[in-house]
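Structure, as structure tokens:
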Amino acid sequence: MASALFDELAGATLKGPFPSTNEVRADSLWRDSTALIYVLRRAGCPFCRKFAVELMKRKGDFESTGARLIVIVSQEQGAEAFSLVSWKGGEVYIDEAERFKHRLGSRLSDHAHLLEPKVMYSAVEAAIAYGASFDDINNKSSLLGGELVVTRDQGIVFEYRETARFAHANVDTLLDECRKATDGEQCVGQCEA
């Protein structure tokens, strides 16, 4: 059963897929298939870019489950570079109202963690490998993101909130959740006992 929060998210207006500025309803993203939605904190973030590349390396695996890979960012700044470097050929949508980030808890990133040697080293390593951009650091880049697995009939079936140290869900876990969601969706109204 869909919650009021899910209904609000489903009715959200997005722009895209980037670079298009066409307005689309969020629920159109999962109307025809399971969707793995990666909600970025910001497109220039080296950790976000690294995770996006990890997902794209497994795009064929996700597609074999019937799942669609989608990125949602809250602003256009940095989206072009992100699309070219980390999300080649993938769908990117802009959520200017930040409804997806609010659904994931509206948690502020704590940049103090960047001063920890291990986190700092990881940030530099990711920036060298995947690039980084700072033109998108503003009031729309302070909320943490995460991952959602969403289906038309079941709503949000899996949610992972980005941690304060910028960690994301395990890619194999996301793949399993997409597989389970798609399997369940195929049986809705069609399975025989």
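Can you tell me the dipole magnitude for the stretch 23-111 around its Cα centre, using point charges on the Cβ only (Lys, Arg +1; Asp, Glu -1), in Debye to the nearest 20? Intermediate values should be presented prior to the final figure.
Numbers: 15 positive and 13 negative charges, 64 e Å.
Dipole about the Cα centre, nearest 20: 300 debye.
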For the stretch 1-102: relative contact order, % (alpha-carbon pairs under 8 angstrom, 6 or more apart): 32 percent
Directionally averaged projected area (convex hull, Cα atoms, the stretch 1-109), nm²: 6.9 nm²
Highest average packing first - 36-46, 57-67, Cβ atoms within 10 Å: 36-46, 57-67
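Every read-out reported here was derived from the displayed coordinates using simple, explicitly stated rules and does not represent laboratory data. Being a predicted model, the structure only gives us computed values, none of them experimental. Backbone-built Cβ (ideal geometry, glycine too); neighbour counts: all protein chains shown.
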